[in-house]
């Protein structure tokens, strides 16, 4: 029996984000690139205000994005 690794951390939100908002996470990362000068919570607020995203989803995207981009 092969053990499937369970996705943890911010990436665990990705399937729900894609289903809820109808775009792949790469779409959101592309948008976040234009906001790279903002601080973490400012980016979260931007997603919430401009794209009506829930806090948990926005925070997960920003957390993952920033960890990959090393902003």
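Any idea what the relative contact order of the chain is, in percent, if you count C-alpha pairs under 8 Å spaced at least 6 apart?
Once normalised by length, the contact order is 37 percent.
Among rounded, prolate and oblate, which fits the chain when a ≥ b ≥ c are the square roots of the eigenvalues of its C-alpha gyration tensor, a/c under 1.5 means rounded, and a/b larger than b/c means prolate?
Prolate is the answer for the chain, as a/c is 1.5 or above and a/b outweighs b/c.
Helix 40-51 against the longest principal axis of the chain: what's the angle in degrees, Cα atoms only, rounded to the nearest 10?
The angle comes out near 90 degrees.
Values quoted throughout were computed directly from the atomic coordinates according to the rules given, and no laboratory measurement underlies them. Remember, it's a predicted structure, so these values are computed and weren't measured experimentally.
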